[in-house]
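The values are calculated or read from the model by the stated rules, or taken from the named source; none is laboratory data. The shown structure was predicted, so the numbers you read here are calculated from the model rather than taken from an experiment. No Cβ is skipped: glycine too gets one built from the backbone with ideal geometry, and neighbour counts run over all protein chains shown. What goes into the accessible areas is simple: the full protein's heavy atoms, side chains included, and nothing from ligands, DNA or RNA. Shrake-Rupley method; radii C 1.70, N 1.55, O 1.52, S 1.80 Å.
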Amino acid sequence: MKKAKYFPVIYAILSAIISFLAVLIICQRFHLQLSRAVIVSGLFAVFFYIISYFRGHASFEIKRITKQYHLSADDLAKITGMKSSDFPIVKGQLQLILPKRKWPQLLEKLQNFEQKKIKNHKDKEEKE
């Protein structure tokens, strides 16, 4: 569970640092004043931090749900309406080869699946 907390944050921090340095070097190459270069680089760093955090979080959640419910490529295809070849599972671990722009859609469908499973489980417990 600790991995779930720290992975997206560390991934996002590294992405922000790299983007900050890259934009700072580019701004210096165009002879932009240092203060303006730092501001522009900081804005890019924040932007890339946010994007990277959500990508890391989505990746981890998709893989967690897949592993927790022992979903196969065919199960994922049925849940999402995509092809089963989009979900290769190697050594029991889902490999996300889908374009990153489709990850939010995939995550939303898997979270809906998880909520239905939880609700069904609670309903069964109440009946007993």
Original post:
Measuring from the lowest to the highest alpha carbon on each principal axis, how far does segment 1-52 reach, largest first, in angstroms?
Top reply: 46, 14, 13
Original post:
Once fully extended, how much extra length lies between Leu32 and Phe7, figured as 0.36 nm per residue of separation less the alpha-carbon to alpha-carbon distance?
Top reply: 5.5 nm
**OP:** Using the Karplus curve 6.51 cos²θ - 1.76 cosθ + 1.60 with θ = phi - 60°, work out ³J(HN,Hα) for each residue of segment 94-110 in order, rounded to whole Hz, and write x for Gly and Pro.
**Re:** 5, 9, 7, 9, 5, x, 4, 5, 8, 4, x, 5, 5, 4, 4, 5, 5
Subject >> Percent RCO, i.e. relative contact order, over the chain, from Cα pairs under 8 Å lying at least 6 residues apart >> reply: 21
**OP:** Mind checking the per residue accessible area of the chain for me, 1.4 Å probe, whole number of Å²?
**Re:** 74
**OP:** Pick out which of Lys83, Lys117, Lys91 has the largest mean-square fluctuation in a Gaussian network model of the chain, springs linking Cα atoms closer than 10 Å.
**Re:** Lys91
Subject >> Net length gained if the chain between Asp86 and Glu108 were fully extended (0.36 nm per residue, minus Cα distance) >> reply: 6.3 nm
**OP:** Using just the alpha carbons, could you tell me how many Å³ per residue the convex hull of the chain encloses?
**Re:** 142
Original post:
Where does the chain land at 222 nm, in deg cm²/dmol rounded to the nearest 500, when only DSSP H runs of n ≥ 4 count, each adding -39500 (n - 2.57), divided by all residues?
Top reply: -26500 deg cm²/dmol
Subject >> Point-to-point label distance, Phe54-Tyr69, nm (Cα→Cβ direction, 7 Å offset) >> reply: 2.3
Original post:
If you wrap a convex hull around the Cα atoms of segment 17-86, how much volume per residue is inside, in Å³?
Top reply: 109
Original post:
How many percent of the accessible area of the chain is carbon or sulfur, using a 1.4 Å probe?
Top reply: 61
**OP:** Find which of Gly42, Leu76, Gln93 sits farthest along the positive direction of the dipole of segment 29-128, computed with +1 on the beta-carbon of Lys and Arg, -1 on that of Asp and Glu, about the Cα centre.
**Re:** Gly42
Subject >> Potential extension, Gln95-Gln115 segment - 0.36 nm per residue separation minus Cα distance >> reply: 4.9 nm
